[in-house]
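Colleague: One structure is given below, represented as structure tokens, and several questions about it will come after.
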Amino acid sequence: MKKTILYLLAAIFFLFEMSSCDDFGDVNVDPQSYTKENMYFPSLFTASQVFVSGRDWAEWRNNLIYCSTMMQHLASVEGFWAGDKYTYSSGYNSAYFDSYDGGLKDIIDVYNHWKDKPEMNNEVQMCRIVKVILMHRMTDMYGDVPYREAGLGYIGKKFFPIYDEQRYIYINMLEELEDAATKITITADNKGKSSIAEADAMYKGDLMKWKRTAYSLMLRLGMRLSKVEPSTAEIWVKKAFDSGMLTSDYTQDMLMEHDNKTDDSAEASGKVLIELDRNSYRVSKTFIDMLQSTNDPRLPYIATVCHDPNNAKDLGNNDPSVQLGMPNGWDKKGQGIATDIAYSPNWKGLRHEEVTDPKDFDYALGMNKYSVVNRETFARLDAPTLIITHAQNQLLLAEAADRGWVTGNPADYYKAGVEAAMKTFLHFGKKFDITDAQINAYLTANPYNAANGREQINTQYWIVCFMDEYEAWANWRRTGYPALTPVNYTPNDTGGTIPRRFTYSTTETTNNSKHYLEAVNRLPGGDKMTSRVWWDKE
């Protein structure tokens, strides 16, 4: 398959890139992996898209171990799942920081190779949009980060890049999106297709979708400024709204398809959930309880109960009535009854003193009565990675309308967002269709209420972002919804509060100490998980 070939090429390029460097300071120092003369740049563009959909290392640590448990989508009693109890791991905190600039370097290299070639104008704009996707996630996690000089080690001799302030990064990203969208040119000659359609793993060269993606991302970034600079947020949200985002329905979603393989062509989070770490987590009680209390038809496609979660072929029972969420903030035998999961309120198994057959230890204790992620949808090697969705757009517009920033009825946007969110499951296959009757029944039972509209809207956004935990965490920090109850496990490293950011890579303290310290000094509270990034105003 062409898709498989492209992914394999991308994986090869990743291996070359990551073999010689792993941080901002020395990235691109050694050009031995490729040269302008021998590089096929469309494949390097594909490599950057693969990175957008995630790398195992960062997805496992930042997206799942930390973000998914902090956002109470998942829970774990394993000590190394640090986000569940707000404990600190320097390597896990900095996993995305340490690895992401391989993808950034790729897209910057491609951009610089094409930028002076008029015939590659549309492809240059696509590169700019991909860069913003990578950079907004990075700055949302850490705050001030290398931006203007990031990925320019070999090309620009910027071996020790400065850390740009987040406000500058955000305004520049918004301006980049506006300029890129404006410059995408659709003509009769190109028939709305990029010249590298075969290398475009997201849209197959569909230029209109790239243009609308730029405005959809503009909406997201504009809304991110709602509590720090609402007047600036309103300007950019209106621009996105007036210009035309990904519209119509779920078929317009920006996503990445994957292969049913255990290499880099797999969906990164799905690979962790079904291949690398399938028995270390469960679905959170907070999440399961909310879905059950509203009779949400998405529940059976989100969770399942397996007799043996360590058996990848055990698809379990996805009947909504048997789903049981694990509470966050508990551990297992050996840590004391005060925090032992066997003594948690919803425990359904035996307790330690009642177990007679050691072979049945976990099952008898009830660990396997807790739900895991459905293995036919999200916990699949070939699950699609959802990057920007129509459902997210509609829910953001619902809040924007509630604020008076765009025209339209918030209730209508809310309804459209919920409908699109439920139809999103069709990306996993036709068997996961949630019917119109089910959707209407859900909306009838859970109607939009203007009195608590923003809470409803952003709670739905939290549900939509299941497995895109970076985005779930960012939007929760912006809005405070849903109103999650923090755990207060002892010991923890945040004083029992949900972390607000990740800490920088410890290698930066020696490799790029001058600029690292400048950035740390701008952080209220320093380089800690409790410090807030610029847009996360108290």
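Colleague: Quote to one decimal, in nm, the extra length available between THR435 and TYR88 on full extension: 0.36 nm per residue of separation minus the C-alpha distance between them.
Modeller: 120.6 nm
Colleague: A further question follows. Here are labelled values, (1) 82, 57, 45; (2) 72, 52, 49; (3) 97, 53, 45, and one is the computed Cα extents along the principal axes in Å for what I pasted. Which one?
Modeller: (2)
Colleague: What distance in nm separates the simple spin-label points at THR232 and LEU276, each placed 7 Å from Cα in the Cβ direction?
Modeller: Using points 7 Å along Cα→Cβ, the separation is 3.5 nm.
Colleague: Accessible area of the stretch 262-392 with a 1.4 Å probe: how many percent of it is carbon plus sulfur?
Modeller: Carbon and sulfur: 48 percent of the exposed surface of the stretch 262-392.
Colleague: Let me ask another. Starting from the Cα of SER293, move 7 Å in the Cα-to-Cβ direction to define the label point; list residues of the stretch 454-488 whose amide nitrogen is under 18 Å from there.
Modeller: Within reach of a label on SER293: 454-464, 480-487.
Colleague: Starting from the Cα-Cα distance between ARG532 and THR247, subtract it from 0.36 nm times their residue separation and give me the gain in nm to one decimal.
Modeller: So the chain would gain 99.3 nm between ARG532 and THR247.
Colleague: So, with +1 on the Cβ of K and R and -1 on the Cβ of D and E, and no other charges, what is the size of the charge dipole of the stretch 372-526 about its Cα centre, to the nearest 20 debye?
Modeller: Dipole size: approximately 200 debye.
Colleague: Find the accessible area per residue for the chain; the probe is 1.4 Å, ligands and nucleic acids are left out, and the unit is Å².
Modeller: For the chain, the solvent-accessible area averages 38 Å² per residue.
Colleague: Same structure, new question: Using the alpha-carbon atoms, what tilt in degrees (0 to 90, nearest 10) does helix 2-20 show relative to the longest principal axis of the chain?
Modeller: Roughly 90 degrees between the two axes.
Colleague: Ignoring ligands, DNA and RNA, what percent of the accessible area of the stretch 54-135 is carbon or sulfur (1.4 Å)?
Modeller: 52 percent
Colleague: Also, quick follow-up: Report, to the nearest 10°, how far helix 230-243 tilts away from the longest principal axis of the Cα atoms in the chain, using its own Cα long axis and a range of 0 to 90°.
Modeller: In the chain, helix 230-243 runs at an angle near 70 degrees to the longest axis.
Colleague: Based on the mean of other Cβ atoms within 10 Å per residue, sort peptides 221-228, 341-348 so the most packed one is first.
Modeller: 221-228, 341-348
Colleague: Right, here's the next one. Can you tell me which of 64-72, 421-429 comes out highest on packing, and rank the rest after it, using the mean Cβ neighbours within 10 Å?
Modeller: 64-72, 421-429
Colleague: Let me ask you something else. Leaving out ligands, DNA and RNA, and with a 1.4 Å probe, what % of the accessible surface on the stretch 488-538 is carbon or sulfur?
Modeller: With neighbouring chains kept in place, the figure for the stretch 488-538 is 50 percent.
Colleague: Using helices alone, I'd like the mean residue ellipticity at 222 nm for the chain: each DSSP H run of four-plus residues gives -39500 (n - 2.57), total over residue count, nearest 500.
Modeller: The helix contribution divided over the chain gives -12500 deg cm²/dmol.
Colleague: Let me ask something additional. Of ASN368, ALA181, ALA441, whose Cα points farthest to the positive end of the dipole of the chain (charges on the beta-carbon: +1 Lys, Arg; -1 Asp, Glu; origin at the Cα centre)?
Modeller: So the residue furthest toward the plus end is ALA441.
Colleague: Place a +1 charge on the Cβ of each Lys and Arg in the stretch 464-531 and a -1 charge on the Cβ of each Asp and Glu, then give the dipole magnitude about the Cα centre in debye, rounded to the nearest 20.
Modeller: 240 debye
Colleague: Oh, and also: Assuming R0 = 45 Å, what is the FRET efficiency of TYR168 and ALA483, from their Cβ-Cβ distance, to the nearest 0.05?
Modeller: Efficiency for this residue pair is about 0.90.
Colleague: On C-alpha positions alone, give me the angle between the axis of helix 410-423 and the longest principal axis of the chain, in degrees, nearest 10.
Modeller: 80 degrees
Colleague: Which of the listed residues, LEU517, TRP534, PRO491, is farthest toward the dipole's positive end in the stretch 491-535, when Lys, Arg count +1 and Asp, Glu count -1 at the beta-carbon?
Modeller: TRP534
Colleague: Rounding to the nearest 20 debye, state how big the charge dipole of the chain is about its Cα centre with +1 on each Lys and Arg Cβ and -1 on each Asp and Glu Cβ.
Modeller: 760 debye
Colleague: Where a Cα-Cα gap under 27 Å defines reach, which lysines qualify for LYS431, not counting those fewer than 8 residues away within the same chain?
Modeller: Candidates past the 8-residue exclusion: LYS2, LYS3, LYS204, LYS209, LYS261, LYS271, LYS285, LYS313, LYS369, LYS415, LYS423.
The values are calculated or read from the model by the stated rules, or taken from the named source; none is laboratory data. Model, not experiment: these values are computed from the prediction. Note that each Cβ is placed from the backbone with ideal geometry, even for glycine, and that neighbours are counted across all protein chains shown. Only protein heavy atoms, including side chains, enter the accessible area calculation; ligands, DNA and RNA are left aside. Shrake-Rupley method; radii C 1.70, N 1.55, O 1.52, S 1.80 Å.
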